[in-house]
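Structure record follows, encoded as structure tokens.
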Amino acid sequence: MNIPTLRAVGVFATTAAVMCLSITACEEEQESRGYKIPETLCDVDVRPDKLAPFLPPGKEIKLNEEGDEDFRKVCSASVDGETAFEVKREWWEDGWSTRRFATVHAYVKPDHRTADEKYVYSKDSGLSVMRCAPKRDNQDLFIVVKSSENTADEEAMLEFLIEYRKALMKRTPCDEVE
């Protein structure tokens with residue numbers, strides 16, 4: 001074999017080795033999730049495949065629920081003691097745009113928004129609104145999502161928000177009486 005051929009073989013072997021290590025590392029990361037992904041958050045059904053991008057590898061997951069339906073409810077998922085994902089539902093006076101509520105009250109980065117402005121979102125936070133006024137004392141229900149795990153992207157955040165909102169609507173929160 002001549003020198004250029006040996007170099008080509010060496011480059012190929014090195015590239016193949018790096019690819020194998022990368023694939024192995026990815027498989028190990030996926031396998032290192034020692035807990036089951038929840039199917040509900042605050043009594044709202046969630047599809048595990050929509051929640052998975054926001055949950056890191058770890059041994060144990062704990063769900064915590066605080067608040068009540070009258071004003072604010074917070075659901076958080078902690079992995080190995082660190083909060084990884086959080087969903088808040090908050091009643092607020094009607095008329096607020098999602099963009100305004102996101103920046104003023106929810107500290108959500110409104111990097112993107114849908115044309116109908118029902119959703120504003122970024123890779124690690126998002127917000128949606130359910131227009132309930134005047135049915136519910138001139139208030140609307142805002143859904144705020146935050147993730148500390150940045151393996152997901154903007155599209156995953158939007159997909160989660162859409163699915164969560166759709167599942168919450170089945171419970172008809174606007175019709176619930178205080």
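Placing +1 on the Cβ of every Lys and Arg and -1 on the Cβ of every Asp and Glu, with nothing else charged, gives segment 40-138 a dipole about its Cα centre of roughly 420 debye. Checked against a 18 Å cut-off, the cross-linked pairs Lys146/Lys170; Lys118/Lys166; Lys88/Lys109; Lys59/Lys146; Lys50/Lys166 give Cα-Cα distances beyond that limit for Lys146/Lys170; Lys59/Lys146.
Read the figures in this text as sums done on the coordinates, not as results from a lab. For clarity, every value in this text was computed on a predicted model and none was experimentally measured. Reconstructed Cβ throughout: ideal geometry from the backbone, glycine too, with neighbour counts over all protein chains shown.
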